Amino acid sequence: MMTSGRLAVLSSGVAIGAIAAYALLIRVAIVRNHPEGYVIAAALGTALAALAVVRARVRRWPAWLALGLASLLLVGGAWFNFVLARIPDTPTTLRVGERPPDFTLPDAAGRPVSLAGYRGKKPVVLVFYRGYW
Amino acid sequence: MAELQGLGAQLSEAERAGVEIVAVSPDPNEHSQKLAEGLRLGYRFVADRDLAVTRRYGLVHAGGGPDGQDVPRPATVVLDRDGVVRWFSVSRNFQVRPDPDDVLRAVRAL
């Protein structure tokens, strides 16, 4: 049976650890593509802290502190992931089975690259990205 | 960059030779191109500075940039040799990129 104090520490470890791990491992695809992981971990941390509060007998403040911290990370993390990081749905013109719009754009050396130029030659993987992380 | 490296690293030499990876962004710098060449990844980085092409693809995230500017929605499209879309993935959360395994599977299924 874990004491309240230990639960409080464990709770904080889980919540802070999850967010730190996400930030440190963000270049790893499986971590970055599952941000709900840190939200779930923060929820777990909150549950552990709530248990710590329930079990607290003499010194209550560590449990309450842990609960405050975990709840804050849970709300903040969920807000970031489900609200701030969301991209609004915009209608894309892409359709499986159709050709996308043709284009000619300059490469890093200024040479023109034409999408239609690959037709009959090579398959193409087009990656649209922001240009910065 | 990390996702592009992941994609390139998973394709075999033969697959990389048989597919052209074109990375489109509003501001690819020479640094990206040099990095890709140094890693022998075979990407073409092209600049869509005014987002005209990105807009034609319906892939602009209005006001999504850090200064409130329009930015592209992260997206990956696999075209076959006839230039026809066979698979694509558009991100709904800017933290998330298409799973490189999904892209790989789509390329191998061509």
- Task: Among the residues of segment A:1-35, write down those that are within 11 Å of another protein chain (Cβ to nearest Cβ), under 22 Å from A:Ala47 (Cα atoms) and either surrounded by fewer than 15 Cβ atoms within 10 Å (Cβ to Cβ) or free of Cβ contacts under 8 Å to residues at least 40 places away in the same chain (or both).
- Result: A:Tyr22, A:His34
- Item | Of residues in segment A:6-50 being in contact with a Pro (Cβ under 8 Å, 6 or more places away or on another chain) and modelled with pLDDT under 90, the one nearest to A:Leu73 (Cα to Cα) | A:Tyr22
- Got a number for residues in segment A:83-99 being at pLDDT 90 or above, more than 15 Å from B:Val60 (Cα to Cα) and of a type outside the set (Gly, Ala, Ser)? 4
- In segment A:83-106, residues that are within 7 Å of chain B (Cβ to nearest Cβ) and either surrounded by 12 or more Cβ atoms within 10 Å (Cβ to Cβ) or under 13 Å from the mean Cα position of the chain (by Cα) (or both) total 13
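A quick yes/no check of all residues on (1) more than 23 Å from A:Pro106 (Cα to Cα); (2) modelled with pLDDT of 80 or more:
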{"residue": "B:Ala23", "(1), (2)": "no, yes"}
{"residue": "B:Asn29", "(1), (2)": "no, no"}
{"residue": "B:Gly64", "(1), (2)": "yes, yes"}
{"residue": "B:Gly68", "(1), (2)": "yes, yes"}
{"residue": "B:Val77", "(1), (2)": "no, yes"}
{"residue": "B:Arg86", "(1), (2)": "yes, yes"}
- Which of the residues belonging to segment B:53-102 are more than 7 Å from chain A (Cβ to nearest Cβ), under 29 Å from A:Val39 (Cβ atoms) and part of a helix (DSSP H, G or I)? B:Asp101, B:Asp102
- Note on the structure: Filter segment B:96-110 for residues that are touching a residue at least 12 places away in the same chain (Cβ under 8 Å) and of a type in the set (Lys, Arg); the one that is surrounded by the most Cβ atoms within 10 Å (Cβ to Cβ) is B:Arg97
- Just give me the residues in segment A:57-82 being surrounded by fewer than 19 Cβ atoms within 10 Å (Cβ to Cβ), of a type in the set (A, V, I, L, M, F, W, C) and more than 14 Å from every other protein chain (Cβ to nearest Cβ), in sequence order. A:Val58, A:Trp61, A:Trp64, A:Leu65, A:Leu72, A:Val75
- Give just the number: which of (1) without any contact (Cβ under 8 Å) to a residue 24 or more places away in the chain; (2) of a type in the set (A, V, I, L, M); (3) closer than 15 Å to A:Thr90 by Cα does B:Leu59 not satisfy? (1)
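The values are calculated or read from the model by the stated rules, or taken from the named source; none is laboratory data. If you're wondering where the values come from, they're calculated on a predicted model, not measured in any experiment. Quick reminder, even Gly has a Cβ in these numbers, built from the backbone with ideal geometry, and neighbours come from all protein chains shown.
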